Each structure stands twice: as structure tokens, then as C-alpha cells.
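To start, the structure under review is shown below, and the notes come after it.
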Amino acid sequence: MTVRFVGAGPGAADLITVRGLRAIATSPVCLYAGSLVGEDLLAQCPPHAHRVDTARMTLDEIVAELLAAHEAGHDVARLCSGDPAIFSAVAEQTRRLDAAGVPWEIVPGVPSFAAAAAALRTELTVPGVGQSVVLTRDAANATPMPAGESLAIWAAAGGTLVLHLAVQRCAEVVAVLREHRPSDEPVAVVARASRDDELIVRGTLADIAAKVDQAGIRRTAVIVVGRVVGVDQGCESHLYSAARDRA
């Protein structure tokens, strides 16, 4: 048997890879976070699959389910919202599986920041406007950030910031950003990107916190900060330039 950590995408059932969908459809065991994975995607599980909602489970309890499936000879689809490479807690699970000799693999998915950019109809790397993207999070009430990775450091460095797990503390996050960036810096908050109830709030560092509060956004959202947000100008990429040497 194999445990497959499947990127389940940002929410829309059709934003999942063919490989990921195949893993779900052929695995007799499926572990998922009920608050993040919709029923329409779970409907792709085999009719009699053992489905386990991990939303309120500890790491030990989750790994116990994976080991039990292994002992029974069952493949497992372990669904991760977005892409397993971004804030998925996959590393701690795979360390346990390695120690137990359980085979596993990762199936990439559509990350939430990509779905948010699509919702905003913007490229996150616009030539002449912004060419660097930092994916990070708020450190409050979570695992401490490693040395040199504070929000203040990334804010001062420039470029586009995409903040995960931060919208609940939008006001506090904005206060840190405003110490290093102008108050008119464009900001967009995308909640539930790609879902039917997707919500976009646009503003600047001066007013985005109040707008988010008024919209009632408390979770399942990313904050995008930088001049690429809603930009309608910029220089043209050298990639397609007529002056480029194409020999």
C-alpha cells in the first residue's frame, strides 16, 4: 500500500490534477480536513471508502489511521488543501511514516495563492512592477518563525507578500507592514478562492483591515500585498520581445 498526500486544490472540486483525482477514486481510505475539503470532491471516493475527517485530530491520531490502513493493505489518499508544499504539515507526517517503513508519495495540487491570483486577475510577477513573491504567514498562536523570517523582515525586503493564516489578525499584520511600506500600498484579501462563495476585498494598507472586518472575513483567506495587485501597467517581458536574440 501507499499513502498519497494529494493536493486537493483551493476548494473548487474541478481544480485538482488528474493524478490527484485518480488517487482519490482508487483509495479505499481517505483522510481529509472537513473544514477545507468540500463534499463534492469527497464524492469521488469509492462508494465504501473509509473516510476520516482529521479537522479535530492530533498528529498521533492521524498517523495511527495511516498505520492502520497500511497494516490492512489499503492505499490512502491523504488530502491536503491547496498544494502539499505550502503549510500542509506533510513533513511531520512523512517523518513518522518513514520511521514506520510505510511508503508514501506526494501528488501536487493548485495552491491557494495561485487561485487567489486568478481571482484577482493578476500576475504575481509583473515585469517592471514586482518580480519576487514571498509566501509566509502570521506567527501568532502558531509555531514560532525561524530566525530571520519575521514579517517585518519580509516587509522591508520589498516585493509581493502573500500571507497565509493571517486574516484573523489582519489589523495587527497591517500595523507591522505599515512600519516598512507606504500606507497606499495596494492590498487584496481573497477568501475562499475558487469556491462559489469566493469573496474579494481590495484596499490599501491604510484601510484594508477595516474593510476585512466589515466583510466578516475570519478564515480561509490569503492576503496579497504589493503593487502587482490590480495593476494594469508595467513594462513588457523580455521573453517575447522582438529585440531578443532567438538564435
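The values are calculated or read from the model by the stated rules, or taken from the named source; none is laboratory data. These numbers come from a predicted model, not from an experiment. In this analysis, Cβ positions are derived from the backbone assuming ideal geometry, glycine residues included, and neighbour counts consider all displayed protein chains. Quick note on the areas: whole protein, heavy atoms, side chains included, nothing else; ligands and nucleic acids left out. Shrake-Rupley method; radii C 1.70, N 1.55, O 1.52, S 1.80 Å.
Miscellaneous remarks
- For W154, the criteria (1) within 13 Å of the chain's Cα centre (by Cα); (2) farther than 20 Å from D207 by Cα; (3) open to solvent by 50 Å² or more (accessible area, probe 1.4 Å) hold in every case but one, which is (1).
- Residues satisfying the stated conditions in the range 187-222, i.e. among the polar types (S, T, N, Q), out of contact with any Gly (no Cβ under 7 Å at 6 or more places or on another chain) and within 20 Å of G82 (Cβ to Cβ): T220
- Residues being assigned to a loop (DSSP other than H, G, I, E, B), in contact (Cβ under 8 Å) with a residue 60 or more places away in the chain and touching a Gly at 6+ places or on another chain (Cβ under 7 Å) - total across the range 1-18: 7
- Evaluation of D207 against (1) open to solvent by 30 Å² or more (accessible area, probe 1.4 Å); (2) at pLDDT 95 or above; (3) in contact with a helix residue (DSSP H, G or I) (Cβ under 9 Å, 6 or more places away or on another chain); (4) among the charged types (D, E, K, R) (one fails), failing number: (3)
- Taken as a whole, the condition of being under 30 Å from M1 (Cα atoms) and not in a helix (DSSP H, G or I) does not apply to G128.
- One residue alone among A69, A25, A43 is more than 19 Å from the chain's Cα centre (by Cα) and either under 20 Å from D196 (Cα atoms) or of a type in the set (F, W, Y) (or both), and that residue is A43.
- Candidate set from the range 131-151 (those that are over 15 Å from G226 (Cα atoms) and in contact (Cβ under 8 Å) with a residue 24 or more places away in the chain); member that is surrounded by the fewest Cβ atoms within 10 Å (Cβ to Cβ): A140
- Among the residues examined, R169 does not qualify as under 23 Å from A12 (Cα atoms) and open to solvent by 50 Å² or more (accessible area, probe 1.4 Å).
- Residues being part of a strand (DSSP E or B) and touching an Asp or Glu at 6+ places or on another chain (Cβ under 7 Å) - total across the range 158-189: 1
- R246 at pLDDT below 95, basic (K, R), open to solvent by 50 Å² or more (accessible area, probe 1.4 Å) and under 25 Å from the mean Cα position of the chain (by Cα): no
- Search result, residues across the range 1-35 that are of a type outside the set (D, E), surrounded by fewer than 18 Cβ atoms within 10 Å (Cβ to Cβ) and farther than 24 Å from A72 by Cβ: T17, V18, S35
- Of the strands (runs of 3 or more DSSP E) lying entirely inside the range 39-124, those containing at least 2 residues that are open to solvent by less than 50 Å² (accessible area, probe 1.4 Å) are 76-80.
- Meets criteria (farther than 22 Å from H164 by Cα, modelled with pLDDT of 95 or more, part of a helix (DSSP H, G or I) and not basic (K, R)) for L21: yes
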